[in-house]
Amino acid sequence: MAEYNPYDSSAGHPYGAPPPGQPAGPPPPYGAHPYGAPPPGAPPPGAMVPAAPYAMGYPPAPPGPAPGSPKVSAAGDKFLYASSKWNDVWAAILFILQFLAVLVFSVVLGVKGITASQPGQPPEGAYNVHYSFSDYAPQFAAAAATGLVFALVWLQLIKLMPRTMVHIALWFGFVAPVAVAVVVFVYGTAPVWLGVVLCLTALLQLLYIWLVRHRIPFSATILKHAVHVVNTFPSTIWVAYLFLFLSLVWTVIWVLGVSGAMSLSNSFGVLIILVLSNYWTMEVFRNVVHTTVAGTTATYYFLRHNMPPNPTSLALHRAATKSFGSICFGSLIVALIQTIRFIVAALANNDDGGNFIACCAQCILACIEAIVEFFNKYAYIQIAMYGKTFIRASKDTWELFKARGVDVLINDDLSGGVLGLGMFIGGVLAALVGGLLSLNKAVDLLAAVSILSFIIGIFLTGMTLTVVDSAVGTFYVCYAEDPATLQQNDPVLYNKVQERDREIRDTRTRHDAQTAARQAARQAAR
């Protein structure tokens with residue numbers, strides 16, 4: 001048996017090699033200094049030492065994790081050393097080229113069309129009211145501020161009482177149609193059949209509340225965790241606002257391009273290109289935000305006890321550079337489907353005989369778009385975590401869903417209703433503020449200002465709450481990849497997720513067993 005050597009650094013000795021001239025040998029007796037006599041100026045054994053490490057000139061400890069720090073899992077290690085390659089570069093180049101082309105086209109033709117137009121008298125019966133910008137700008141500014149403030153308040157309400165907020169979202173789906181149905185029946189402002197349909201909708205919502213009552217505690221837990229991540233990294237919200245501003249600027253430029261395209265002889269083909277460009281650009285902006293939030297949330301999940309500085313900036317840098325091509329690739333697929341839906345709708349409006357076929361085609365395309373967007377959402381999370389190409393991320397997402405069954409937990413989640421209700425209320429409050437401020441200035445534009453204020457409120461509130469939705473989706477993917485890390489970092493949350501996962505799987509197993517028994521009974525009866 002080899003002789004014990006207390007100075008063997010390979011055995012993990014905290015001091016590494018012994019001082020010069022100190023031989024290796026058997027362990028010193030209890031209470032003796034491991035080096036023999038202390039170095040000159042060092043305190044005697046057992047005395048208090050200064051807090052500064054290695055202040056007395058002791059040899060430094062070998063490199064390694066700090067004492068007591070949790071180990072990084074295999075998935076966390078893969079996250080730390082994610083691919084640094086520039087992926088799907090062709091998609092990024094194609095997106096930049098079309099963006100610049102549409103930008104130049106919109107500015108040149110749009111400005112030319114505006115300068116070439118001659119002012120004249122509006123046609124008889126036209127809406128001819130003249131207002132300056134100062135007449136309605138304060139209303140829009142107040143609506144925007146209302147949407148932002150309400151979104152932040154809504155986040156805090158979710159954090160303080162998540163279960164109550166899930167209940168409110170579910171019961172709102174019942175109370176709202178009942179209230180509208182009462183107005184229809186009492187005041188006769190709409191056909192009676194509409195009130196009947198609303199009552200049936202309320203009954204279906206009541207049945208839905210009864211069926212999903214067991215999901216509420218789990219959804220509240222996940223929602224509270226996601227809001228905690230967003231509050232820990234509020235820069236994710238500012239990234240969302242940045243791309244919202246870029247979206248507004250792009251919309252103005254795009255409208256100029258559409259106005260210029262309308263003056264061309266063959267405008268339909270140009271309009272199709274502009275529509276595709278608009279869908280693609282908006283998808284890219286939205287998915288860059290989603291990927292940034294996913295990268296930040298994954299960093300918090302895997303490296304909670306060893307967080308790098310500015311994780312949101314790091315995630316945004318990766319999304320806007322090395323993963324930008326993958327984001328453009330996935331966004332292009334959705335944009336193509338949306339453009340085809342636009343073409344089908346335009347053709348249906350010009351052909352009365354084909355409305356039924358066009359309606360069926362739009363329904364099929366809408367289903368395809370929803371499926372693609374669902375998988376893209378989680379593919380972007382894989383891209384944010386590991387720097388994968390879009391194709392690889394899509395395949396891995398499918399394999400993850402099949403192998404780990406994460407879709408069971410995703411389908412059990414009710415957080416989307418809470419976020420959707422917040423968007424709606426934010427839009428309504430913004431419309432009320434904009435409309436009330438218009439009563440004293442632009443009364444003739446009351447309806448228009450209220451509608452635009454509602455849209456502004458929806459956009460700002462929705463952009464803020466979308467950050468929470470991205471954090472929720474990232475949590476599910478991280479948990480499916482590495483549940484052990486959650487058990488180590490947050491045992492309470494881990495136990496709740498595991499408990500709900502077992503309940504869902506036990507219910508599915510019983511259902512499958514009952515179905516198999518019924519089928520066997522039918523076959524035996526034959």
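The values are calculated or read from the model by the stated rules, or taken from the named source; none is laboratory data. Values in this document were obtained by computation on a predicted structure and should not be read as measured data. Note: ideal-geometry Cβ built from the backbone for every residue, glycine included; neighbour counts use all protein chains shown. The area values use the complete protein model at the heavy-atom level, side chains included, leaving out ligands, DNA and RNA. Shrake-Rupley method; radii C 1.70, N 1.55, O 1.52, S 1.80 Å.
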Margin query: When you scan the stretch 282-304, do you find a residue that is more than 17 Å from Glu373 (Cα to Cα), of a type in the set (Val, Ile, Thr) and either open to solvent by 20 Å² or more (accessible area, probe 1.4 Å) or touching a Gly at 6+ places or on another chain (Cβ under 8 Å) (or both), even just one?
Written below: no
Notebook entry, point to check: Which condition does Gly257 not pass, out of (1) part of a helix (DSSP H, G or I); (2) modelled with pLDDT of 90 or more; (3) of a type outside the set (A, V, I, L, M), if it passes all the others?
Noted result: (2)
Margin query: Among the listed residues Arg286, Arg304, identify the single one that is modelled with pLDDT under 90 and of a type in the set (D, E, K, R).
Written below: Arg304
Note to self: Being over 30 Å from Ile504 (Cβ atoms) and at pLDDT below 85: is that true of Ala142 here?
What the structure shows: no
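Listed here are the residues, each with its yes/no results for (1) more than 21 Å from Arg392 (Cα to Cα); (2) in a helix (DSSP H, G or I); (3) within 20 Å of the chain's Cα centre (by Cα).
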position	(1), (2), (3)
Pro308	yes, no, no
Lys322	no, no, yes
Phe329	no, yes, yes
Ile340	yes, yes, no
Cys360	yes, yes, no
Cys363	yes, yes, no
Next item on the list: Could you check, for the stretch 469-485, whether at least one of its residues is farther than 30 Å from Leu244 by Cα and open to solvent by 80 Å² or more (accessible area, probe 1.4 Å)?
Entry: no
Next item on the list: Return the pairs, sorted by first residue and then second, in which the second residue is open to solvent by 30 Å² or more (accessible area, probe 1.4 Å) and of a type in the set (Val, Ile, Thr), the first residue lies in the stretch 154-179 and is over 21 Å from Trp210 (Cβ atoms), the beta carbons are less than 8 Å apart, and the residues are 6+ apart or on different chains.
Entry: Trp154/Ile425
Check: Can you tell me which residue in the stretch 256-278 is nearest to Phe105 (Cα to Cα), limited to those that are of a type in the set (Ser, Thr, Tyr) and open to solvent by 70 Å² or more (accessible area, probe 1.4 Å)?
Finding: Ser263
Next item on the list: Kindly provide the set of residues from the stretch 349-358 that are part of a helix (DSSP H, G or I) and either under 19 Å from Tyr279 (Cα atoms) or without any contact (Cβ under 8 Å) to a residue 12 or more places away in the chain (or both), ordered by number.
Entry: Asn349, Asn350, Asp352, Gly353, Gly354, Asn355, Phe356, Ile357
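Return yes when Ile216 is of a type in the set (A, V, I, L, M), surrounded by 14 or more Cβ atoms within 10 Å (Cβ to Cβ), touching a residue at least 40 places away in the same chain (Cβ under 8 Å) and on the phi < 0 side of the Ramachandran plot and no when it is not. Even if it seems obvious, please write down each step before you answer.
Numbers: of a type in the set (A, V, I, L, M): yes; surrounded by 14 or more Cβ atoms within 10 Å (Cβ to Cβ): yes; touching a residue at least 40 places away in the same chain (Cβ under 8 Å): yes; on the phi < 0 side of the Ramachandran plot: yes.
Spelling it out, Ile216 is indeed of a type in the set (A, V, I, L, M), surrounded by 14 or more Cβ atoms within 10 Å (Cβ to Cβ), touching a residue at least 40 places away in the same chain (Cβ under 8 Å) and on the phi < 0 side of the Ramachandran plot.
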